[in-house]
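J.: Quick one: the structure is below, and I'll ask about it shortly.
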Amino acid sequence: MTRILFAAALALAAAAALSQDKVNVGISGWTGFAPLTLAVQAGVFKKHGVEVTIKKIPQQSRHLAIASGDIQCAATTAETWLLWNANGVATRQIFQMDKSYGADGMATRSAIARIAELKGRTIGSQAPGTSPYFVMAWMLKKNGLTPKDVTVVSIDPGPAAQAFLAGQYDAVMTYEPYLSAVRAKPEAGKIIATTLDYPVVMDTFGCTPRFLAENGKAARALTESYFQALEIIAAEPQKSYEVMGADVKQSGEAFAKSASYLRWQDRAANRRFFAGELQAFLKEAGQLLLEVGVIKSVPDVNTTIDASYIR
């Protein structure tokens, strides 16, 4: 079955390759973005008439790549689109990719019993404007603190997990697949909270308004390709996990474990999400971004959304 579905996708891709719209997409190594990698490897994008080049770009500089024209679309957390638009990089979310179910979290030393006890301590996290920083700020706020009550050291999620395991920092913010490294060594500390406790990480895919206006067919092809990638994962999980895991230097088995902490979102889930849940989240997220000084004003959330491609 595995060879049949993947071979069929590649054969159809070859037939469609004569007329391809080209698009560069910026992502990171986050587990939830992996269906995009699968869609490239299995020829799904090409089958739908779009040639996708995926570029690994850190979240804090992904909007610069959009502004420069190096990429036209990107995958990132839902609140990040507010940040980008507030800073003059116009973009629109067109479909939801995943929701984190424990895949993002804060690790602390074993002696720390509550997040409130982090006051005056050091947290390793990516810089303001990234998902780890946002999740940290959210968790702190819900426990009576702000980033000003702690010392935040800028470090990316992968190095943050490794530094924590090496005994550095009182706490770190990280995500899968790096969070699993912390789970595997409880003697180094504990995961004090994840998105099971604070469900605030949801990833979406979006593009510039210009790209959407000039390439509506390609935007729809990107959306349909994502949903088809999810169908391939459901039909052939083992092969799919091997392909997606290889991109982040994990075995298929290790990738499957990381993926168990999130939920990819199909078309029906997307329609529910864009029907009000996303807007409500963005409203609260915008206020937090304003409070921590990441943005100076909250853009109209409706200008960051285009739900026409999931209908």
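The values are calculated or read from the model by the stated rules, or taken from the named source; none is laboratory data. This structure is a prediction, so every number in the text was calculated from the model and none was measured. Positions of Cβ are backbone-derived with ideal geometry, glycine not excepted, and every protein chain shown enters the neighbour counts.
J.: State all residues of the stretch 104-134 that are of a type in the set (Gly, Ala, Ser) and assigned to a loop (DSSP other than H, G, I, E, B); if no residue qualifies, say none.
T.: Initially, the stretch 104-134 is screened for residues of a type in the set (Gly, Ala, Ser), giving 105, 107, 110-111, 113, 116, 120, 124-125, 127, 129, 131.
If the condition is that a residue be of a type in the set (Gly, Ala, Ser) and assigned to a loop (DSSP other than H, G, I, E, B), then SER110, ALA111, ALA113, GLY120, ALA127, GLY129 are the ones that fit.
J.: Go through (1) crowded, with 19+ Cβ neighbours inside 10 Å; (2) aromatic (Phe, Trp, Tyr); (3) in contact with a Leu (Cβ under 7 Å, 6 or more places away or on another chain) and name the single condition TYR101 misses.
T.: (1)
J.: Further question: Could you name every one of the helices (runs of 4 or more DSSP H) located completely within the stretch 1-66 that has at least 1 residues being at pLDDT below 90? Steps first, please.
T.: Values: elements: 2-16, 34-41, 44-47.
Passing ranges, in order: 2-16.
J.: Something else now. Could we say that ARG220 is basic (Lys, Arg) and either assigned by TED's automatic domain parsing to the domain that holds LYS249 or at positive phi (or both) here?
T.: Working: basic (Lys, Arg): yes; either assigned by TED's automatic domain parsing to the domain that holds LYS249 or at positive phi (or both): yes.
Yes: the conditions hold for ARG220.
J.: Can you find, within the stretch 113-149, the residue that is farthest from GLY293 (Cα to Cα) among those that are surrounded by 16 or more Cβ atoms within 10 Å (Cβ to Cβ) and out of contact with any helix residue (DSSP H, G or I) (no Cβ under 9 Å at 6 or more places or on another chain)?
T.: Of everything passing the filter in the stretch 113-149, GLU117 is farthest from GLY293 (Cα to Cα).
J.: Still on this structure, please answer the following. Taking helices (runs of 4 or more DSSP H) that do not extend beyond the stretch 220-311, which have at least 3 residues that are in contact (Cβ under 8 Å) with a residue 12 or more places away in the chain and crowded, with 19+ Cβ neighbours inside 10 Å? Please lay out each step first, then the result.
T.: On the way: elements: 237-247, 252-259, 267-272, 278-291.
So the answer is 237-247, 252-259, 278-291.
J.: Now, a different point. For the stretch 135-175: of the residues being β-branched (Val, Ile, Thr) and assigned to a loop (DSSP other than H, G, I, E, B), which is nearest to GLN59 (Cα to Cα)?
T.: Step one: list which residues in the stretch 135-175 are β-branched (Val, Ile, Thr), which gives 135, 146, 150-153, 155, 172, 174.
Still in the running and assigned to a loop (DSSP other than H, G, I, E, B): 146, 150, 155.
Working: THR146: 22, VAL150: 23, ILE155: 12 Å.
Out of the qualifying residues, it is ILE155.
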